[in-house]
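These notes concern the structure reproduced below.
The values are calculated or read from the model by the stated rules, or taken from the named source; none is laboratory data. In this text the structure is predicted, and so the values were computed from the model without any measurement. Cβ placement follows ideal geometry from the backbone for every residue including glycine, while neighbour counts extend to all protein chains displayed.
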Amino acid sequence: LMYLDHLASTPLDPAVLEEMLPWMGVAAAGNPHAAGHRRGWRAAEAIERARGDVAALIGARAGEILFMSGATEANALALLGGVPEGWPVLCSAVEHPSVLACVGELARRGHATETLPVDAAGRVDPDAVRIDGPALVSVMAANNEVGTIQPVADLARRCRERGGLFHTDAVQALSTGLLDVAAMGIDLASLSGHKLYGPMGIGALYVRQGVAVRPLLFGGGQQGGQRPGTLPTALCVGLGAACRIARERGAADAARLRELRERLFAVLADGVPGLRRNSPSAEGMGLAGCLHVAVPGLDAADRLLDLPELALSTGSACSSGEGGPSHVLLAMGRSVEDAFGSIRIGLGRFTTAEEVDRAGALLVEALQRGS
Ligand code: PLP
């Protein structure tokens, strides 16, 4: 099976697994919050090292990182816990459902909310952020369906000028690119382990020093009470290792993936009449490993079931279960037909050129067969 669904989830890097394993055996038993013995202290040390590695990837300080169960929780804490009483809340039309649903909940709780439109490439125009006073603005760093990279530094500046707070769901941007939260003026940022070759079930929220979040959970006071609960040592260590590796090789991975992506696109464009690209092609506008295309007349969900050798996606993992057309493609002005006739290919760190060539040939054959 060729795994080409890296925007849904990345495989665990074997080097990350190796660092995690010692924290999973009998010898690693010990609560990292246990004050009374060496086992607990050692686990706590490992977790704090990992916190430092997470912080280093995004230009933050260790004390600004809270470990979470994943980005869904990080987005919830940033939005539900981060918004001050009575502030308006703005987000883009192409956010992940875990952000959109929180903004919906804030509307039910009485906040004024606004959805920022995107252009045909899926980008938010910073000039469209029209706020007179403080607001919480949430725009993702990169989109999980079409890979569009957002101008987060400009958006954060707009927001700051009005005394507001800027949150970014940075989940998709971190395996191949760097986000510098300090330089970009970001107040809150969400991360997820299984999108950067780390483990599933762990993520983090960056909370800029001085920004207050109200906890969603209550308990033993761990992580300053902002996110209580016993931390999973092995998962925290894994997230830290994944962040350290992303920092070391993210730029090189991106350059290689961009080449593979263009190689695959050339094959598809050549072999499939009428194929159109939904993911941005301009340098710096889209994620290096993401290729999203629309094929006229295709009902992607049906046709791709015939390709058992390929794991790729006809939508995002999070909305494809619902069966509707992608809200991202519709917000970009695509037709419902295009939204159903699109496929998303996510290349990753371990994807080889041979796999790309083989996948290209298989896809061309399958797509020609039906059109
Ligand atoms: N945000 C984006 C952009 C995503 O792609 C995902 C993926 O699932 C999430 C949030 C949710 O992350 P998690 O699976 O860690 O809850």
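Here are GLN209, GLN226: which of them is away from the ligand (no atom under 14 Å from the Cβ) and in contact with a Leu (Cβ under 7 Å, 6 or more places away or on another chain)?
Values: GLN209 fails: in contact with a Leu (Cβ under 7 Å, 6 or more places away or on another chain).
Answer to the selection: GLN226.
Does ALA29 count as more than 17 Å from the chain's Cα centre (by Cα) and surrounded by fewer than 16 Cβ atoms within 10 Å (Cβ to Cβ)? Talk me through it step by step, then tell me what you get.
Details: more than 17 Å from the chain's Cα centre (by Cα): yes; surrounded by fewer than 16 Cβ atoms within 10 Å (Cβ to Cβ): yes.
Yes, satisfied.
Between residues in segment 306-318 that are at negative phi and more than 15 Å from the ligand (Cβ to nearest atom) and residues that are assigned to a loop (DSSP other than H, G, I, E, B) and at pLDDT 75 or above, which pairs lie under 7 Å by C-beta distance while being six or more apart or on different chains?
Going by the 7 Å Cβ cut-off, the qualifying pairs are GLU309/LEU1; LEU310/LEU4; ALA311/LEU1; ALA311/LEU4; LEU312/LEU4.
Taking the options GLU114, GLU48, name whichever one is among the charged types (D, E, K, R), free of Cβ contacts under 8 Å to residues at least 60 places away in the same chain and in a helix (DSSP H, G or I).
Details: GLU114 fails: in a helix (DSSP H, G or I).
Going through GLU114, GLU48 in turn, just one is among the charged types (D, E, K, R), free of Cβ contacts under 8 Å to residues at least 60 places away in the same chain and in a helix (DSSP H, G or I): GLU48.
Residue check: is LEU80 away from the ligand (no atom under 12 Å from the Cβ), within 30 Å of ALA241 (Cα to Cα) and among the aliphatic types (A, V, I, L, M)? Before the answer, list the steps.
On the way: away from the ligand (no atom under 12 Å from the Cβ): yes; within 30 Å of ALA241 (Cα to Cα): yes; among the aliphatic types (A, V, I, L, M): yes.
Against the criterion (away from the ligand (no atom under 12 Å from the Cβ), within 30 Å of ALA241 (Cα to Cα) and among the aliphatic types (A, V, I, L, M)), LEU80 qualifies.
Here are some conditions: (1) acidic (Asp, Glu); (2) away from the ligand (no atom under 16 Å from the Cβ); (3) part of a loop (DSSP other than H, G, I, E, B). GLU95 meets all but one. Which one does it not meet?
With (1) acidic (Asp, Glu); (2) away from the ligand (no atom under 16 Å from the Cβ); (3) part of a loop (DSSP other than H, G, I, E, B) applied to GLU95, the lone miss is (2).
All but one of (1) surrounded by fewer than 19 Cβ atoms within 10 Å (Cβ to Cβ); (2) of a type in the set (A, V, I, L, M, F, W, C); (3) over 22 Å from GLN150 (Cβ atoms) hold for ALA101, so report the exception by its number.
The failed condition is (3).
Tally the residues that are among the aromatic types (Phe, Trp, Tyr) and in contact (Cβ under 8 Å) with a residue 12 or more places away in the chain, restricting the search to segment 190-228. Spell out how you get there, then give the answer.
The first filter runs over segment 190-228 and keeps only residues among the aromatic types (Phe, Trp, Tyr), leaving 197, 206, 218.
In the following step, the residues that additionally are in contact (Cβ under 8 Å) with a residue 12 or more places away in the chain were identified as 197, 206.
Summing the residues that are among the aromatic types (Phe, Trp, Tyr) and in contact (Cβ under 8 Å) with a residue 12 or more places away in the chain in segment 190-228 gives 2.
Any residue in segment 287-299 that is over 20 Å from ALA142 (Cα atoms) sitting within a Cβ distance under 7 Å of a residue that is β-branched (Val, Ile, Thr)? List the pairs, counting only those 6 or more apart or interchain.
VAL295/VAL272
Considering (1) part of a helix (DSSP H, G or I); (2) within 21 Å of the chain's Cα centre (by Cα); (3) under 27 Å from GLY70 (Cβ atoms), say which one GLN223 fails and leave the rest.
If we test GLN223 against (1) part of a helix (DSSP H, G or I); (2) within 21 Å of the chain's Cα centre (by Cα); (3) under 27 Å from GLY70 (Cβ atoms), just (2) comes out false.
Out of curiosity, is ALA50 in contact with a Phe, Trp or Tyr (Cβ under 6 Å, 6 or more places away or on another chain) and within 26 Å of SER175 (Cα to Cα)?
Working: in contact with a Phe, Trp or Tyr (Cβ under 6 Å, 6 or more places away or on another chain): no; within 26 Å of SER175 (Cα to Cα): yes.
So ALA50 does not fit the description; no.
This table checks each residue for (1) away from the ligand (no atom under 11 Å from the Cβ); (2) closer than 20 Å to ALA234 by Cα; (3) among the hydroxyl-bearing types (Ser, Thr, Tyr); (4) in the same structural domain as GLY133 (by TED's automatic domain parsing).
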{"residue": "ARG158", "(1), (2), (3), (4)": "yes, no, no, yes"}
{"residue": "GLU161", "(1), (2), (3), (4)": "yes, no, no, yes"}
{"residue": "ALA183", "(1), (2), (3), (4)": "yes, no, no, yes"}
{"residue": "ILE186", "(1), (2), (3), (4)": "yes, no, no, yes"}
{"residue": "TYR197", "(1), (2), (3), (4)": "yes, yes, yes, yes"}
{"residue": "GLY203", "(1), (2), (3), (4)": "no, yes, no, yes"}
{"residue": "PRO215", "(1), (2), (3), (4)": "yes, no, no, yes"}
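Hey, among the residues in segment 1-19 that are over 22 Å from the mean Cα position of the chain (by Cα) and either within 16 Å of CYS236 (Cα to Cα) or within 16 Å of the ligand (Cβ to nearest atom) (or both), which one's surrounded by the fewest Cβ atoms within 10 Å (Cβ to Cβ)?
By that ranking, first place goes to GLU18.
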